Amino acid sequence: MKKGILGKKLGMTQVYDENGTRIPVTVIAAGPCAVLALRKQVPDGYSAVQLGFGTRKVKNTSKAVRGHVKAAGLEAAPPAVVREVRLDTDPEAKVGDVLKADLFQKGETVDVTGVTKGRGMQGVVRRWRFAGGRASHGGGWVRRPGSIGMKVHPGRTLRGQRMGGHMGDVTRTVQNLRVVDVRAADDLIFVSGAIPGPNGGTVMVRSAVKQ
């Protein structure tokens, strides 16, 4: 059964298994996440659970959001992040329930979604790993892209041509990460390998779809 929870990336470290093998892991502060709303096949057309994570000041929250979370009893401390987690069946949870890190168990396989670090405007060497021109004698350019189109036919730059531009700050998902450890008392999940985003970034941990 599919399930998911919101969390915050704390950073990377390493742990050792029972055989003494070193495993690089990312530590995620998963939850607590309050259930704000439910989506069911009838009448919504799909199954999902809407979660709230973190807190923010009431003065920084719109009236619409405060009214939306009132049913979950969070009007005094509205969540900072609200996301839906798609499910394969109608949710069994109720509005007001709280999901914590023990939603996942050690050994499970998960997908982690986050927003990558923003790199700003970058040229083709940084963005697409172009080699550029030679820096030795006779080279007229070093970090430029070179030719980007054709002169006679088709006489234009083709769609998808790799060029300089905005880099990073996009949503990415890393699939099939193993849950190495779960510390329910501290609401921590340790997953093998790296996940997108900076330390402190919001991530979503879901059941793997391609196990």
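Could you grab the relative contact order for segment 32-99? Cα pairs under 8 Å, six or more apart, rounded to a whole percent.
45
How far apart, in nm, are two points set 7 Å out from the Cα along the Cα-to-Cβ line at Ala64 and at Asp90?
2.8
Could you work out the equivalent-ellipsoid semi-axes for the chain, taking the square root of 5 times each eigenvalue of the Cα gyration tensor, largest first, in whole Å?
Semi-axes (√(5λ), whole Å): 41, 24, 17.
Bin width 10 Å, origin at 0, all Cα-Cα pairs of segment 138-197: what percent of pairs per bin?
Computed distribution, short to long bins: 15, 23, 21, 16, 15, 9, 2.
For the pair Leu158 and Ala71, how long in nm is the line joining their label points, each one 7 Å along Cα→Cβ?
Rounded to a tenth, the inter-label distance reads 5.2 nm.
With just the Cα atoms of segment 99-182, tell me how far they stretch along each of the three principal axes, in Å, largest first.
If we take the Cα atoms of segment 99-182, the spans are 62, 34, 21 Å.
If you bin every alpha carbon distance in segment 32-99 into 10 Å steps from zero, what whole percent lands in each bin?
Answer for segment 32-99: a P(r) of 22, 51, 23, 3 percent.
Counting other C-beta atoms within 10 Å, which of Ile5, Ile148, Ile23 has the fewest, and how do the rest follow?
Details: Ile5 27, Ile148 12, Ile23 15.
In increasing order of surrounding Cβ atoms, one gets Ile148, Ile23, Ile5.
Only counting other Cβ atoms within 10 Å, I'd like Glu108, Glu92, Glu75, Glu18 sorted with the fewest neighbours first.
Glu18, Glu92, Glu75, Glu108
Using only Cα atoms, locate the centre of segment 82-140 and the centre of segment 172-211, then give the distance between them in Å, rounded to an integer.
11
Work out from phi, with θ = phi - 60° and the Karplus expression 6.51 cos²θ - 1.76 cosθ + 1.60, the ³J(HN,Hα) of each residue of segment 75-86, listed in order in whole Hz, and give x for Gly and Pro.
Per-residue couplings from phi come out as 5, 6, 9, x, x, 7, 10, 10, 9, 9, 10, 6 Hz.
Taking θ = phi - 60°, what integer Hz values does the Karplus form 6.51 cos²θ - 1.76 cosθ + 1.60 yield along segment 186-199, in sequence order, with x for Gly and Pro?
Result, ordered by residue: 9, 6, 10, 10, 9, 10, 6, x, 9, 10, x, x, x, 4 Hz.
Can you give the calculated 222 nm mean residue ellipticity of the chain, where each DSSP H run of n ≥ 4 adds -39,500 (n - 2.57) and the sum is split over every residue, rounded to the nearest 500 deg cm²/dmol?
Result for the chain: -1500 deg cm²/dmol, rounded to the nearest 500.
Viscosity 1.306 mPa s, temperature 10 °C: what is the translational diffusion coefficient of segment 118-167 from Stokes-Einstein with a Kirkwood Rh over Cα pairs, rounded to a whole number of µm²/s?
On the way: Rh = 12.3 Å.
The estimated diffusion coefficient comes to 129 µm²/s.
Every read-out reported here was derived from the displayed coordinates using simple, explicitly stated rules and does not represent laboratory data. As the structure is a computational prediction, the values presented were derived from the model and not from experiment. All Cβ positions, glycine included, derive from the backbone under ideal geometry; neighbour counts span all protein chains shown.
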